[in-house]
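In what follows, a single structure is set out as structure tokens and then discussed.
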Amino acid sequence: MLKLNEKYDSFFHSISLDAGSCRGCINCLKRCPTEAIRVRKGKSEIINEYCTDCGACIRVCPHHAKKATFDSLDYMSEYEYKIALPPPELYAQFNNLDDKNLVLNALVSLGFDDVYEVASAAELVSEITRKLLKDEKTRLPVISSACPSVIRLIRVRFPNLVDSISPIVSPMEMAANAAVQLAMLRTRLPREKIGVFYITPCPAKVTEIYAPLGVSKSQIDKAVALSDIYPRLLPLMKKIAADETGSFPKELGKAGRIGISWGCHGGEAGGLLTDKYLAVDGIENVIKALEDLEDSKFKDLEFIELNACSGGCVGGVLAVENPYMAKVKLTTLRKYLPVSGTHIDEAVPPYAYHDKKIEYQPVYSLGETLEESISLMNKVDELVKRFPGLDCGCCGAPTCRAHSEDVARGIASERDCIHILRNYVNKKEELKKFED
């Protein structure tokens, strides 16, 4: 990781670079939505402060040099009681699935002692959010807190929108808290002997577990990749489906249509039973929507759902199935389910809300002080005029302006631009001819 400012050294990331596999192409450079990648000395570098772990670089790298960090299932041996948290997008990976209990029973066969559907927790989040939107004190529109990549993006780039983020925890965190409470009641085991494993479709959720925003500490102990657990479940599901004793599959799932729909774009907003919402997917589209929201271009909205991945969570880089086909599968699966299978019986549990304020961090500021920033901005404006404005990426930065900022910071040279270098070489050759 390339660090521009040491005070942001504590940023945790779940995306790493395999320098040995990197060939210095600029595919990731041009596709990174936050301009977090540079190519220096023939290798790409990820800027620590800018990266939101959206996974776009993993998706486009032809040499597989960008990798997601996640945990191994071997960690199950460290806990006496193991709980799996399957998200709704896990169901969308399997062909001809008409009973999600096949997947849940397969997780138990894999070695988990219990499963808690994230879709069930999503229904609780939807119910609490509906109450939040009816509260006259709520600042509208409310921005969903479900996508950690989006929340980190707002945190570093959109200071005026930080207070609009929903104070309600994400479904995966809600599921973890509820599952832990139930497990401790059932088993009488101390918390440290209970392992909570989230099956993640993307690296951003791994980051959210190990460096959470909005909560002091995540109740999830490990994050296993959906792509890693998928092939392990297939033979177990076939075995359960072939069982003729009638004892399988057991009814382990409670989530209804609202919870299952969270796996796809628009599912969260659809569960709020209001038409005053905006649902946006794809990180480039999300950035444009946030810019428009900051400029007050949206009117009469109550809720904004933002997903960094195209198609929603089914489009995560650690998913297996095509996101559009996955959406079709979830639509089919939820057809005969109740509207909602999980409800809040009594008061809203305290763990349903953030216990820590999400604060803006000005990582894109050029200087430490206002005066220094203004001075560097003026320098950047002058530098931009010297470059051709082609945004070709050959300098190792995604745009001419980004390269100008790097030069102003002192981490790049003007001559990294091949057009500037060519003019410099031509002038040197002309001067040499004149001297001869």
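Tabulated data
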| read-out | value |
| --- | --- |
| Some residue of the range 281-293 being closer than 26 Å to Ile168 by Cβ and in a strand (DSSP E or B) | yes |
| Residue within the range 176-198 that is in a loop (DSSP other than H, G, I, E, B) and in contact with a strand residue (DSSP E or B) (Cβ under 7 Å, 6 or more places away or on another chain) present | yes |
| Answer residue from the range 36-68, given it is part of a loop (DSSP other than H, G, I, E, B) and in contact with a strand residue (DSSP E or B) (Cβ under 8 Å, 6 or more places away or on another chain) and is modelled with the lowest pLDDT among those | Asn48 |
| Residue tally, condition part of a loop (DSSP other than H, G, I, E, B) and of a type in the set (Gly, Ala, Ser), over the range 199-240 | 4 |
| Odd one out for Gly253, checked against (1) closer than 24 Å to Tyr230 by Cβ; (2) free of Cβ contacts under 8 Å to residues at least 40 places away in the same chain | (2) |
| Within the range 345-357, tally of residues that are in contact with a helix residue (DSSP H, G or I) (Cβ under 6 Å, 6 or more places away or on another chain) and either within 19 Å of Glu208 (Cα to Cα) or surrounded by 16 or more Cβ atoms within 10 Å (Cβ to Cβ) (or both) | 2 |
| The range 307-359, residues that are assigned to a helix (DSSP H, G or I), of a type in the set (A, V, I, L, M) and in contact with a Leu (Cβ under 9 Å, 6 or more places away or on another chain) | Val314, Leu333, Ala352 |
| Extreme residue, surrounded by the fewest Cβ atoms within 10 Å (Cβ to Cβ), among residues of the range 360-417 that are in contact (Cβ under 8 Å) with a residue 40 or more places away in the chain and not in a loop (DSSP other than H, G, I, E, B) | Arg409 |
| Members of the range 48-94 that are free of Cβ contacts under 8 Å to residues at least 60 places away in the same chain and within 15 Å of Cys32 (Cα to Cα) | Asn48, Cys51, Cys57, Val60, Cys61, Pro62, Ala65, Lys66, Lys67 |
| Subset of the range 146-163 (residues that are surrounded by fewer than 23 Cβ atoms within 10 Å (Cβ to Cβ) and touching a helix residue (DSSP H, G or I) at 6+ places or on another chain (Cβ under 8 Å)) | Arg155, Arg157, Phe158, Asn160, Leu161, Val162 |
| Hey, Cys25 within 16 Å of the chain's Cα centre (by Cα), closer than 23 Å to Glu405 by Cα, at pLDDT 90 or above and not aromatic (Phe, Trp, Tyr) or not | no |
| Test: residue in the range 273-296 that is within 22 Å of Glu117 (Cβ to Cβ), out of contact with any strand residue (DSSP E or B) (no Cβ under 9 Å at 6 or more places or on another chain) and at pLDDT below 95 | yes |
| Residue in the range 384-395 that is among the basic types (Lys, Arg) and at pLDDT below 90 present | no |
| The range 164-214, residues that are free of Cβ contacts under 8 Å to residues at least 40 places away in the same chain, within 21 Å of Phe70 (Cα to Cα) and surrounded by fewer than 17 Cβ atoms within 10 Å (Cβ to Cβ) | Glu192 |
| Restricting the range 79-133 to residues that are of a type in the set (S, T, N, Q) and in contact with a helix residue (DSSP H, G or I) (Cβ under 7 Å, 6 or more places away or on another chain), the residue that is nearest to Ala146 (Cα to Cα) | Ser126 |
| Selection from the range 241-272 of residues that are crowded, with 22+ Cβ neighbours inside 10 Å and assigned to a helix (DSSP H, G or I) | Arg257, Ile258, Gly259, Ile260, Ser261, Gly267, Glu268, Ala269 |
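The values are calculated or read from the model by the stated rules, or taken from the named source; none is laboratory data. Just so it is clear, the structure is predicted and the values come from calculations on it, not from any experiment. Counting neighbours? That spans all protein chains shown, and the Cβs are built from the backbone with ideal geometry, glycine included.
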